[in-house]
Amino acid sequence: EAAVTQSPRSKVAVTGGKVTLSCHQTNNHDYMYWYRQDTGHGLRLIHYSYVADSTEKGDIPDGYKASRPSQENFSLILELASLSQTAVYFCASSQLFSQNTLYFGAGTRLSVL
Amino acid sequence: GQQVQQSPASLVLQEGENAELQCNFSSTATQLQWFYQSPGGSLVSLLSNPSGTKHTGRLTSTTVTKERRSSLHISSSQTTDSGTYLCAIDRSQGGRALIFGTGTTVSVSP
């Protein structure tokens, strides 16, 4: 069974602080993604990566950085957290040359105060 | 940019009733997937159906690619079907990431 693990599961951060969300997959998948979910907007792509040491911007990358130090790990970094970044964040992985089925982590609920 | 629109936004069913969820997208898609999000928030892929008709359990998806629409039919609904159903297509700008619609929230009462 494919497994994507996110940490922490929830976090409260202060405005202007640094936040790092972590994602670990044991699927041996090439692709990893970070999405955020807000009410009324569905899931929106922030960053993605198809190989270690390389990341790509998604549709809403402003205010976020990503890091993929290995095939298994993908982090999302908020250098200066803002109120507007309060959301639920999902990490996902998928395999190249497959039907691109995404396997999601359980999500991280981030509240910026 | 690409858009995915789903309808209805919400649906209330009595257990045993059938439901039809719609997904319309703005540009040709080579990938189309349906996902289920539980009330607790977890997301799982239900099926991938870029064209034609596919079945899995009580779910049937029909995608007409040239008309840029897909439907998900739930037959004989059960309370455990309650949750949000999301449609997603692949991005055209490169990468294999998916663009999601805002979902249809289904509530099935006993």
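Coordinate-derived values only; no laboratory data. On a predicted model such as this, the values are computed, not experimentally measured, just so you know. FYI the Cβ positions are ideal-geometry reconstructions off the backbone, even for glycines, and counts take in every protein chain you see.
Side notes on the structure shown:
- Taking every residue in B:43-50 and counting other chain Cβ atoms within 10 Å of its Cβ, the average works out to 4.
- Remark: relative contact order (chain B) = 37 percent; criterion is Cα-Cα distance under 8 angstrom and separation of 6 or more residues.
- Kirkwood hydrodynamic radius of chain B, Cα pairs, Å: 13.9
- Potential lengthening of the chain between A:Asp59 and A:Lys11 amounts to 14.9 nm, from the contour at 0.36 nm per residue minus the alpha-carbon distance.
- For the stretch A:3-53, the Cα-based Rg and Dmax, in that order, read 13.0, 36 Å.
- Simple spin-label estimate for A:Leu113 and A:Thr20 in nanometres, 7 Å along Cα-Cβ: 2.3
- Cα-projected label distance for B:Glu67 with A:Thr86, points at 7 Å along beta-carbon direction, nm: 4.3
- Computed lengthening from B:Val44 to B:Ser82, 0.36 nm per intervening residue step minus Cα-Cα distance: 12.3 nm
- Start at zero, step by 10 Å, and the Cα-Cα distances of the stretch B:12-62 spread as 19, 49, 30, 3 percent across the bins.
- The mean number of Cβ atoms from other chains found within 10 Å of a Cβ in peptide A:39-50 is 4, as a whole number.
- Debye equation applied to the C-alpha atoms of the stretch A:47-113, log10 I(q)/I(0) at 0.16, 0.17 Å⁻¹: -0.60, -0.68
- B:Val12-B:Thr53 FRET efficiency (beta carbon distance; Förster radius 30 Å; 0.05 resolution): 0.70
- Average beta-carbon neighbours from other chains, 10 Å sphere, peptide A:102-111: 3
- Averaging 1/r over each pair of different alpha-carbon atoms in chain A and inverting the result gives 13.9 Å, the Kirkwood hydrodynamic radius.
- Panel values: the protein assembly as shown, Kirkwood radius from alpha carbon pairs, Stokes-Einstein at 10 °C and 1.306 mPa s, translational diffusion coefficient 89 µm²/s.
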